Each structure stands twice: as C-alpha cells, then as structure tokens.
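To start, the structure itself, in structure tokens.
The values are calculated or read from the model by the stated rules, or taken from the named source; none is laboratory data. Since the model is a prediction, treat every value here as computed from it, not as a measurement. Cβ placement follows ideal geometry from the backbone for every residue including glycine, while neighbour counts extend to all protein chains displayed. Accessible surface areas use protein heavy atoms only, side chains included; no ligands, DNA or RNA. Shrake-Rupley method; radii C 1.70, N 1.55, O 1.52, S 1.80 Å.
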Amino acid sequence: QVQLVESGGGLVQPGGSLRLSCAASGSIFSINAMGWHRQAPGKQRELVAAISSGGSTHYADSVKGRFTISRDNAKNTVYLQMNSLKPEDTAVYYCNADRRLSTVVAGNDFGSWGQGTQVTVSS
C-alpha cells in the first residue's frame, strides 16, 4: 500500500557528508511516522533516526550530533543528512514508515520498507 524508494547513497571519505532521500508513494495518507535504519554486514538492522508526524525526532546514540532527520510533507519525502561520517557508518540504509511512531522505531515488519541504499565510508 505504501512504496518507499531510497536514494543518495554512495562512497565517501571519512569526515565527509551525504544526504539520503526517501520518497513515498501509494497510500501516503496512512503515513505518520518515518525513519531510517541501517544494516552492516554480519550485524542486525538498527535504528538510525525517526521522525513523527509532529516533527519530533529520535536518534541512535551513535549518530547524535552528526545526523539529522527531516521531512517534507509536501513532497512525501524524508531525508537523512549525514555529516562527519565514519567507517562504522558503512551499511545499507533503509527507509521505513507507518501510522505509528512505535512501529517505525521498533523497525519490525509491520511497517513499510524501502529496498535500501548503500553507504560506504572509506579512504
């Protein structure tokens, strides 16, 4: 019912920046909360950041002060501005969305998911 497509990933040097975008289509009326999760090779998927319909934000401790999540409701798009990137940030980044913020934060399969975009931080 909701389609999410991520873009903006790529290869950057440590200390560099990237901005990820996630465009939603379909039953967008059902979307209230959106977020980003990431999964590195051999590791579980983890929450990066989430944003509610009211604009309140939540961040993983590992990215606080470096990443910023935002949304443009007119464009049905959520963004993740990533600054001061570290090699540890290397992962596939997934966008998710749901009516409930709790579902987005939990990152379970009851929400809608994009296919992911690769972010590689390396010199």
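A cut-off under 11 angstrom between Cβ atoms defines the neighbours of Ala33, and their net charge, with Lys, Arg +1 and Asp, Glu -1, is +2. Could you work out which residue, out of Ala50, Ala74, Ala91, moves most in a Gaussian network model of the chain, that is, has the largest mean-square fluctuation with Cα springs under 10 Å? It is Ala74.
Accessible area ranking (1.4 Å probe, heavy atoms, ligands and nucleic acids excluded), largest first, for Ile69, Ile28: Ile28, Ile69. Subtracting the Cα-Cα distance of Lys43 and Thr120 from 0.36 nm times their residue separation leaves 26.2 nm of extension gain.
Counting only residues at least eight positions apart within a chain, or on another chain, the lysines with an alpha carbon under 30 Å from that of Lys43 are Lys64, Lys86. In the chain, inverting the average of 1/r over every pair of distinct C-alpha atoms gives 14.1 Å as the Kirkwood radius. Rolling a 1.4 Å probe over the heavy atoms of the protein chains gives the chain an accessible area of 52 Å² per residue.
Given a 1.4 Å probe and heavy atoms of the protein chains only, how would you sort Asp61, Asp98, largest accessible area at the top? Present the calculation step by step, with values, prior to reporting the outcome.
On the way: Asp61 125, Asp98 30 Å².
The ordering from most to least exposed comes out as Asp61, Asp98.
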